[in-house]
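Each remark here refers to the structure printed beneath this line.
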Amino acid sequence: MLDIGSGLAVFTALLKNQNWQTSIIDPDPVAIQHAHNQSATHHTLNAQFPSNTLTITQSLPAPFSLISLNKVLEHNLNPVPILQAVLPLLHTHGLVYIELPDAENALLSKLAHMRNEFFLEHFHAFSFSSINALIRQAGFFPLQIERILEPSGKYTLFAFMTPQASKIS
């Protein structure tokens, strides 16, 4: 499993006791050190994603069966190429998991203009239609798209996807 933009390495920590070999890429050396301190990952790469794919494959055990981008894509001006850059790192029948701010539900809430979904260095917030468009423009097929209200009160969309070439009929 590869967690891109791991932050606190929550996903890799969840998989720590499940016999998954976990890796992270994060541009923040503090996040990398935190992952090491938590023993949550087997491999780390302190780098901005996407970077040179050759560097990544030499540093981490690609291809991966699962790649996550949890609260990452909304921080990029153009998220499509970021998601496309995952393809060479993904196993042929692998899955990608993303989480993004849910603009539709956030707009319906009280004080919508002050919601975190629209700030925190976010260039984008998403709807069911726009997350589906993002997935398909990047060359993936959506397997599941859901919306949740997190315990923190954030409205979130999450999706599992597979590369178009390996979509399930």
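The values are calculated or read from the model by the stated rules, or taken from the named source; none is laboratory data. Predicted, not measured: the structure shown is a model, and the values here were computed from it. Don't worry about glycine lacking a Cβ; one is built from the backbone with ideal geometry, like all the others, and counts go over all protein chains shown.
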Taking the stretch 149-167 and keeping only residues that are modelled with pLDDT of 90 or more and touching a Leu at 6+ places or on another chain (Cβ under 7 Å), one is left with Leu157, Phe160, Met161, Thr162, Pro163
Positions within the stretch 1-41 being assigned to a helix (DSSP H, G or I), more than 14 Å from the chain's Cα centre (by Cα), in contact (Cβ under 8 Å) with a residue 12 or more places away in the chain and farther than 16 Å from Ser65 by Cα, in sequence order:
Ala13, Pro29, Ala31, Ile32, His34, Ala35, Gln38
Is there any pair linking a residue in the stretch 135-158 that is more than 16 Å from Leu69 (Cβ to Cβ) and surrounded by 12 or more Cβ atoms within 10 Å (Cβ to Cβ) to one that is at pLDDT below 90 and of a type in the set (Val, Ile, Thr), with Cβ under 6 Å and at least six apart or on different chains, and which?
Ile148/Thr156
In the stretch 64-79, which residues are touching a residue at least 12 places away in the same chain (Cβ under 8 Å), surrounded by fewer than 16 Cβ atoms within 10 Å (Cβ to Cβ) and more than 16 Å from Lys154 (Cβ to Cβ)?
Ser65, Leu77
Give me a count of the residues in the stretch 80-95 that are touching a residue at least 40 places away in the same chain (Cβ under 8 Å) and either under 17 Å from Asp28 (Cα atoms) or crowded, with 19+ Cβ neighbours inside 10 Å (or both).
6
How many residues, within the stretch 62-76, are within 10 Å of the chain's Cα centre (by Cα) and in a strand (DSSP E or B)?
4
Surrounded by fewer than 18 Cβ atoms within 10 Å (Cβ to Cβ) and in a strand (DSSP E or B) - does that describe any residue in the stretch 42-58?
yes
